[in-house]
1. Within segment 84-104, can you find the residues that are away from ligand 2 (no atom under 15 Å from the Cβ) and surrounded by fewer than 19 Cβ atoms within 10 Å (Cβ to Cβ)?
2. When you scan segment 64-75, do you find a residue that is over 24 Å from Gly204 (Cα atoms) and hydroxyl-bearing (Ser, Thr, Tyr), even just one?
3. Report, by residue number, each residue of segment 285-305 that is within 15 Å of Val195 (Cα to Cα) and free of Cβ contacts under 8 Å to residues at least 40 places away in the same chain.
4. Pairs, please: C-beta under 6 Å, at least 6 apart or cross-chain, first residue more than 11 Å from ligand 2 (Cβ to nearest atom) and in segment 41-66, second polar (S, T, N, Q)?
5. Would you be able to say whether some residue in segment 71-83 is in a strand (DSSP E or B), away from ligand 3 (no atom under 16 Å from the Cβ), out of contact with any Lys or Arg (no Cβ under 7 Å at 6 or more places or on another chain) and over 30 Å from Val273 (Cα atoms)?
6. Among residues belonging to segment 38-83 that are within 16 Å of ligand 4 (Cβ to nearest atom) and of a type in the set (D, E, K, R), point out the one that is surrounded by the most Cβ atoms within 10 Å (Cβ to Cβ).
Amino acid sequence: MTAQVIKSKAAVAWAAGEPLKMEVVDVMPPQKGEVRVKMIATGVCHTDAFTLSGDDPEGIFPAILGHEGGGIVESIGEGVTSVEVGDHVIPLYTPECGECKFCLSGKTNLCQKIRETQGKGLMPDGTTRFSINGQPIFHYMGTSTFSEYTVLPEISLAKVRKDAPLEEVCLLGCGVTTGMGAVMNTAKVEEGATVAIFGMGGIGLSAVIGATMAKAGRIIAIDINESKFDLARKLGATDCINPKDYGDKPIQDVIVELTDGGVDYSFECVGNVHLMRSALECCHKGWGESIVIGVAGAGQEISTRPFQLVTGRVWKGSAFGGVKGRTELPEYVNRYMAGEFKLDDFITHTMSLDQVNEAFDLMHEGKSIRTVIHF
Ligand code: NAD
Ligand code: AHE
Ligand code: ZN
Ligand code: ZN
């Protein structure tokens, strides 16, 4: 049977800085190479709040936000072969076409096949599948998981095993994979290494898990909200530091003193350009590597003395943990199902889509790690 337009409950971001509004949107059938997915659950990531705030240079409105989801294939468009109706999938904001220069390089997960249209809130053919009374609503990060039904390109879906709870593994669609992957793929932290992680939100805590799995010798967790430290310690942090306890002393100086010259690896998981500098400068001379994960707003820039790099420190970035979603994410799900790491610690709140603005409030108040929306 040919797929029809579906009415779908969705939280629409009409304008920067305004709360999301619950609407009933029309969701077109999937076109060639596309898939329509019924969402089962979605996490709320800080990047959703970042874009809603108006700080994202790529922010476009009206749009349906959300990029940390898990769902079930409802219908497929012409030519789709890698998934079928009923498959369980995790939407990927970093697709994997397997044939672009980036995919073939063996050096990056940043597939560029559809990046241009994705950044403009459109499907690869330059149009949108969402509308309200004929008014187009934009996609977001190619995923738009804050909708009961969403449409994605086939290359933006990781097929995952059906016995994995989508209400939990949705967190592998962004936060948990990003933090763990940055440690394991981007930095390749070795056994015994000393690690500093700035920001104990969903990303930083996942980096703690990654560092624990990599058997890092010392894991230093840094946050200005001490309520995050219990979970950080439970996940393997050996030291928890609140920069506010050191007055005006730069936190990098504190860490350098604590670690006999600096850490082997650091991770910035906040999106604060001053903290990015601290994260670089707390690295050990000669070899320390700092990985930028946090996303900073339009117009923000990082700076340091070039001498920091001349003397062997390395500044890198990591998107989606360097993970190629279609080929590698199913293995993350397997490792979760095998009990190698837990996700329920992260899910501090669950709620329905119409409460999504409360999820943003909890995040801004520092009261949640992850809120998971159940559809
Ligand atoms: P979050 O809001 O859950 O956590 C941020 C944490 O940083 C909080 O615990 C907060 O208390 C702490 N913090 C704030 N200011 C601080 C400071 N000055 N010093 C120390 N700690 C401070 O956010 P999240 O969902 O974990 O996301 C973290 C960042 O990672 C965001 O910028 C997000 O956009 C980005 N992100 C990047 C990627 C990627 O692929 N690169 C993926 C997901 C998220
Ligand atoms: N649109 C922003 C950049 C946002 C950004 O860096 N996004 C990360 C994922 S954050 C997920 O929570 C990412 O994958 N970046 C690579 C990419 O291609 O977007 C801006 O500054 O324009
Ligand atoms: Zn590609
Ligand atoms: Zn995210």
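Any read-out appearing in this document is the output of simple, stated calculations on the displayed coordinates, not a laboratory observation. The structure displayed is predicted, hence computed values, not measured ones. FYI the Cβ positions are ideal-geometry reconstructions off the backbone, even for glycines, and counts take in every protein chain you see.
1. At the first step, the residues of segment 84-104 found to be away from ligand 2 (no atom under 15 Å from the Cβ) are 84-89, 98-99, 104.
Correct list: Glu84, Val85, Gly86, Asp87, Gly98, Glu99, Leu104.
2. Step one: filter segment 64-75 for residues over 24 Å from Gly204 (Cα atoms), giving 64, 71-75.
Those still in the list that are hydroxyl-bearing (Ser, Thr, Tyr) too: 75.
Looking for residues that are over 24 Å from Gly204 (Cα atoms) and hydroxyl-bearing (Ser, Thr, Tyr), one finds at least one in segment 64-75, hence yes.
3. Within segment 285-305, the first condition is being within 15 Å of Val195 (Cα to Cα), and the residues that meet it are 285, 287-293.
Within segment 285-305, Lys285, Trp287, Gly288, Ser290, Val292 qualify.
4. As it stands, the answer is Thr42/Thr145; Ile64/Ser144; Ile64/Ser147, since those pairs meet every condition given.
5. yes
6. Let us first name the residues in segment 38-83 that are within 16 Å of ligand 4 (Cβ to nearest atom), namely 39, 41-53, 55-56, 58-59, 63-70.
Still in the running and of a type in the set (D, E, K, R): 48, 55-56, 58, 68.
Working: Asp48: 28, Asp55: 18, Asp56: 17, Glu58: 12, Glu68: 30.
Going through the qualifying residues, I end up with Glu68.
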